[in-house]
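Chemist: Structure below; questions to follow.
The values are calculated or read from the model by the stated rules, or taken from the named source; none is laboratory data. Keep in mind that this is a model prediction, so the values were computed, not measured. We place every Cβ from the backbone using ideal geometry, glycine too, and count neighbours over all the protein chains shown.
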């Protein structure tokens, strides 16, 4: 299978690299509100993304003072469930209407995009 001159070499494991990593305390926490502020600064003009970010900000308002590292898939699921079950106010005739699947999907995608862009930066 291998040529005769092929030699498997064992790489010595560094004992420090095998230790589990622990949480390093930060002196500066980044909150959900900071991520939204940064996302609004990235959008320079009023476009479809700006209006979508307004919907995201309305949905994430209860979590504004939460550190961004604590906002995970469980909280995103709660936000999506709340969006799907809570009627939104119509802009035309001031009445409450049910959220559509498309609206919930677009807002949840934008929430994921806000967090992923902040991680990338």
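Chemist: Looking only at residues that are touching a residue at least 24 places away in the same chain (Cβ under 8 Å) and closer than 14 Å to residue 113 by Cα in the stretch 55-73, which one is surrounded by the most Cβ atoms within 10 Å (Cβ to Cβ)? Spell out the reasoning first.
Modeler: Within the stretch 55-73, the subset touching a residue at least 24 places away in the same chain (Cβ under 8 Å) is 55-56, 59-60, 63-69, 71.
Subsequent filtering for residues that are closer than 14 Å to residue 113 by Cα retains 55-56, 60, 68, 71.
Numbers: 55: 18, 56: 24, 60: 21, 68: 18, 71: 18.
Per the stated criteria, the residue is 56.
Chemist: From the list 36, 52, which residue is modelled with pLDDT of 90 or more and either surrounded by 10 or more Cβ atoms within 10 Å (Cβ to Cβ) or at positive phi (or both)?
Modeler: Values: 52 fails: modelled with pLDDT of 90 or more.
Being modelled with pLDDT of 90 or more and either surrounded by 10 or more Cβ atoms within 10 Å (Cβ to Cβ) or at positive phi (or both) holds for just one of 36, 52, which is 36.
Chemist: I'd like the residue in the stretch 60-100 that is in a strand (DSSP E or B) and closer than 19 Å to residue 110 by Cα and, out of all such residues, is modelled with the lowest pLDDT.
Modeler: As a first pass, look at the stretch 60-100 and keep what is in a strand (DSSP E or B): 67, 88-89, 96-97.
Applying the additional criterion that residues be closer than 19 Å to residue 110 by Cα yields 67, 88.
On the way: 67: 90, 88: 72.
Checked the stretch 60-100; the qualifying residue modelled with the lowest pLDDT is 88.
Chemist: Separate question: Go over the candidates 22, 27 one by one and state the one that is within 26 Å of residue 111 (Cα to Cα), surrounded by fewer than 11 Cβ atoms within 10 Å (Cβ to Cβ) and at pLDDT below 50.
Modeler: Details: 22 fails: within 26 Å of residue 111 (Cα to Cα).
Matching residue, one of 22, 27: 27.
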